[in-house]
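The values are calculated or read from the model by the stated rules, or taken from the named source; none is laboratory data. Quick caveat, the model's predicted, so the values are computed rather than measured. Counting neighbours? That spans all protein chains shown, and the Cβs are built from the backbone with ideal geometry, glycine included. Only protein heavy atoms, including side chains, enter the accessible area calculation; ligands, DNA and RNA are left aside. Shrake-Rupley method; radii C 1.70, N 1.55, O 1.52, S 1.80 Å.
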Amino acid sequence: MAKLQPVRGTHDILPKESIQRRHITDQARNIAARYCFDEINTPIFEFTEVFQRTLGDTSDIVSKEMYTFEDRSGASLTLRPENTAGVARALISGGLSQSLPLKFFYSGPMFRYERPQKGRLRQFHQLGVELLGVSEPIGDVEVISLGAQILSSFDILKKTTLEINTLGDKASRLAYSEAIKSYFSNYESSLSKDSILRLSKNPLRILDSKEECDIEIIKNAPNMNNFLNEYSRDFFKYVCDGLNNLGITFSLNSKLVRGLDYYNHTAFEFTTNELGAQSAVLAGGRYDGLVEAMGGSSIPGVGWAAGLERISLLFRDEVIASRPISVIPIGVTAETEGLKLANELRASGFTIDIAYRGNLSKRMKRANKVNSYAAIIIGDDELNKKTATLRNLDTGEQQEIKIDKISETMEHIFPKTLKSQHNDS
RNA sequence: GCGGGCGUAGCUCAGUUGGUUAGAGCACCUGAUUGUGGUUCAGGGGGUCGUGGGUUCAAUUCCCAUCGCUCGCCCCA
């Protein structure tokens with residue numbers, strides 16, 4: 001339809017899907033809370049610099065995927081393409097570094113100007129965690145285990161594979177980067193266009209390439225392991241041992257480099273092959289240099305982000321929608337009484353839908369359509385007797401109840417579990 | 001940014017080798033049932049056939065362009 005459409009790569013999240021989304025974020029937030037990660041909310045836009053400086057000019061995100069615009073004062077702003085930079089900025093601008101270590105959970109929309117496809121949108125949603133101020137590898141282990149726990153709670157951990165790698169510390173990474181650079185320089189004429197560019201800007205990224213011509217050359221490239229210094233090697237060993245200790249299975253993937261410049265040491269991805277071209281469900285790593293690069297003091301960090309849409313695609317269980325009680329007034333006086341009654345019941349915790357229009361039959365149909373488990377009918381007969389007719393829509397049983405005692409009576413007839421059955425997520 | 005596939009009712013889709021008023025199922029509305037839902041039956045509304053142009057006596061159908069969706073490349077959650 002050439003009518004009003006949402007902007008490309010954006011979607012309306014209708015009630016049915018919203019219920020599922022809320023369930024996912026609520027559950028993730030609760031589990032993160034058990035690890036003592038507290039929720040943080042940062043603005044969805046920042047000064048462009050915040051992302052430019054931290055993600056690195058060579059990253060695809062900065063070079064071609066950011067939603068950047070000028071506001072009325074001429075400042076360059078950018079819709080956040082990810083949230084780690086925003087959290088790091090909050091840490092610096094809020095002076096939070098006084099109370100390290102800090103553990104944050106977040107969820108919300110992110111924006112990247114990409115070609116939409118399955119599991120990839122221009123406005124998408126991530127939830128994630130950041131652990132700041134812990135340079136020890138135990139932090140990596142806990143953060144990864146939190147991710148595994150969350151995936152497991154949706155019963156989708158089994159659909160994923162945890163891949164991990166180490167990029168080493170700064171010194172190791174630098175040494176390796178040099179070696180890679182000189183190795184690939186020998187084959188410059190055979191490399192893909194992208195990789196030739198990477199050669200000067202960010203040689204490690206060549207290892208990530210999926211181009212036929214590159215893959216041949218990558219096979220014999222120097223291995224990171226040979227360039228790790230002792231500290232980096234011990235660090236990674238601790239992480240691997242830690243995961244084994246917790247019974248978290250993983251596979252080593254030395255090609256796992258990660259797109260963003262600020263990563264060092266541990267890099268990991270929970271991947272799946274059930275999402276078409278997109279494989280990463282939850283991914284992250286350690287970013288010890290980030291806060292400093294942004295102008296703060298040297299504060300280490302490790303964290304991950306998960307794609308809500310991707311989790312949602314894997315997590316197919318129907319989340320049960322709410323079941324209300326329908327209040328069905330017939331006649332003007334009954335409507336007045338019905339509104340009062342509905343509000344009283346809502347105040348005591350019941351979920352009430354009012355059937356607005358039509359004769360009794362129509363309003364009963366409405367009650368059935370919204371899946372009510374009971375109907376409270378008020379008409380002239382009832383008004384005269386100051387009662388209401390309560391009909392159980394599952395059994396068809398019907399009884400008269402006194403209007404002035406309706407809340408207590410209802411609480412008595414319907415147990416708490418029924419009353420709030422949809423409010424538990 | 002680059003490639004492939006697809007655009008017919010709110011949804012899922014049929015259809016036309018170019019030819020009167022374009023179909024089905026589901027959904028929606030009305031009635032059978034003026035105070036009793038789910039099932040059933042009868043009827044009804046809803047389409048500029050994505051948009052613009054071209055070819056033709058005639059285009060939803062063929063051609064071109066464009067927009068959108070979708071899948072993939074790249075990259076990422």
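Points worth noting:
- Here A:Tyr35 passes the criteria (1) more than 16 Å from RNA strand B (Cβ to nearest atom); (2) more than 20 Å from A:Leu132 (Cα to Cα) except the one numbered (2).
- Scope the range A:352-379; condition within 20 Å of A:Lys405 (Cβ to Cβ) and surrounded by fewer than 21 Cβ atoms within 10 Å (Cβ to Cβ); matching residues: A:Ile352, A:Gly379
- Taken across the range A:159-173, residues that are closer than 27 Å to A:Gly289 by Cα, among the polar types (S, T, N, Q), at pLDDT 85 or above and within 16 Å of RNA strand B (Cβ to nearest atom) do occur, with at least one present.
- Cβ pairs under 8 Å, 6+ apart, first in the range A:248-259 and modelled with pLDDT under 80 and within 16 Å of RNA strand B (Cβ to nearest atom), second open to solvent by less than 50 Å² (accessible area, probe 1.4 Å) and among the small types (Gly, Ala, Ser): A:Val257/A:Ala267; A:Arg258/A:Ala267; A:Arg258/A:Ala283; A:Arg258/A:Gly285; A:Gly259/A:Ser59
- Qualifying residue in the range A:300-313 (condition: without any contact (Cβ under 8 Å) to a residue 40 or more places away in the chain, open to solvent by less than 20 Å² (accessible area, probe 1.4 Å) and within 13 Å of RNA strand B (Cβ to nearest atom)): no
- Qualifying positions in the range A:22-49 - aromatic (Phe, Trp, Tyr), within 22 Å of A:Val281 (Cβ to Cβ) and open to solvent by 20 Å² or more (accessible area, probe 1.4 Å): A:Tyr35
- Criterion violated by A:Val62 - all others in (1) closer than 23 Å to A:Ala280 by Cα; (2) in contact (Cβ under 8 Å) with a residue 24 or more places away in the chain; (3) assigned to a helix (DSSP H, G or I) satisfied: (2)
- The set of residues from the range A:1-36 being in the same structural domain as A:Ser145 (by TED's automatic domain parsing), basic (Lys, Arg) and without any contact (Cβ under 8 Å) to a residue 24 or more places away in the chain comprises just one member, A:Arg34.
- Qualifying residue in the range A:272-281 (condition: surrounded by fewer than 20 Cβ atoms within 10 Å (Cβ to Cβ) and away from RNA strand B (no atom under 11 Å from the Cβ)): no
- Scanning the range A:99-118 for residues that are crowded, with 18+ Cβ neighbours inside 10 Å, part of a loop (DSSP other than H, G, I, E, B) and more than 6 Å from RNA strand B (Cβ to nearest atom) yields a count of 0.
- Exclusive hit being near RNA strand B (Cβ under 10 Å from one of its atoms) and more than 30 Å from A:Lys16 (Cα to Cα), set A:Ala334, A:Ala367, A:Ala375: A:Ala334
The rows are residues; the columns are (1) in a loop (DSSP other than H, G, I, E, B); (2) open to solvent by 20 Å² or more (accessible area, probe 1.4 Å).
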position	(1), (2)
A:Phe51	no, no
A:Glu82	yes, no
A:Ser97	no, yes
A:Glu130	no, no
A:Val143	no, no
